Amino acid sequence: MRHHVMLTVVAVVCAAALASRASAQAAATPSAGPIVVHAPGITWADGPPSLPRGAQFALLEGNPAEAVPLTLRLKFPPNYRVPPHWHAVLEHVTVLSGALHIGMGEQATYAGGTTLSAGSYAVMPQKMVHYAWAGSDGAVFQLHSVGPWSITYLNPKDDTRQPQP
């Protein structure tokens with residue numbers, strides 16, 4: 001169970017990767033040569049439209065809309081929440097700072113679950129239903145996968161890309 005919860009963290013990160021737009025920072029492709037990104041030079045953009053408002057992301061490698069390797073960074077503000085969802089692809093998540101909490105299942109409690117602190121790593125299988133939330137200091141994490149990226153919310157009302165009544 002704990003292994004499954006850790007995998008949920010990866011899925012949350014993937015949700016942000018689904019960005020329908022690219023980051024303001026140009027992302028290189030491996031065939032163009034080495035990719036070197038220095039932390040102070042990262043350009044953060046408002047989170048992708050697939051995530052609730054408040055997140056930020058930076059595309060470091062690839063294109064979320066294509067079947068290519070993908071690396072992005074995500075910043076969740078304190079107590080940020082991502083409702084229950086799943087992703088069509090495998091996700092790898094590494095927490096860089098703060099705490100990212102992952103819960104499994106269709107009903108979010110935003111309590112318990114698995115806490116991933118700085119340095120923690122998780123892999124989330126495709127289509128695993130999970131939800132996530134940041135700790136009181138927020139969370140910064142890196143997501144690796146292969147696109148195309150997508151996120152499917154269990155409750156359509158949680159999907160920020162859909163017009164709300």
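Where a number appears in this text, it was derived from the coordinates with a stated rule and is not lab data. It should be emphasised that the depicted structure is a prediction, and the values quoted were computed from it without experimental measurement. We place every Cβ from the backbone using ideal geometry, glycine too, and count neighbours over all the protein chains shown.
Just want to confirm a number: the relative contact order over the range 45-88, from Cα pairs under 8 angstrom separated by 6+ residues, in percent.
On the way: 55 pairs, mean separation 14.1, N = 44.
Averaging sequence separation for qualifying contacts and normalising by length gives 32 percent for the range 45-88.
Just to check I understand the Karplus step: with θ = phi - 60° and J = 6.51 cos²θ - 1.76 cosθ + 1.60, what whole-Hz values come out for the range 82-95, glycine and proline as x?
Once rounded to whole Hz, the list reads 10, x, x, 7, 8, 10, 7, 10, 5, 10, 10, 10, 10, 7.
At 0.36 nm per residue, and after removing the present C-alpha to C-alpha distance, how many nm does the segment from A39 to E66 gain when stretched out fully?
Values: separation 27, 0.36 × 27 = 9.72 nm, distance 2.51 nm.
Computed gain between A39 and E66 is 7.2 nm.
Rg and Dmax of the range 41-165, Cα atoms, in Å?
Answer for the range 41-165, Rg first and Dmax second: 13.6, 41 Å.
Using DSSP to define loop residues, name the chymotrypsin sites (Phe, Trp or Tyr not before Pro) in the range 66-165 whose beta-carbon has at most 14 other beta-carbon atoms within 10 Å.
Values: sites: Y80, W86, Y110, Y121, Y131, W133, F141, W149, Y153; in loops: Y80, Y110, W149.
Counting only loop positions with at most 14 other Cβ atoms within 10 Å, the chymotrypsin sites (Phe, Trp or Tyr not before Pro) in the range 66-165 are Y110.
Rounded, prolate or oblate: pick one for the range 65-118, where a ≥ b ≥ c are the square roots of the eigenvalues of its C-alpha gyration tensor, a/c under 1.5 means rounded, and failing that, prolate if a/b is larger than b/c, else oblate.
On the way: a/c = 2.10, a/b = 1.31, b/c = 1.60.
The shape class here is oblate.
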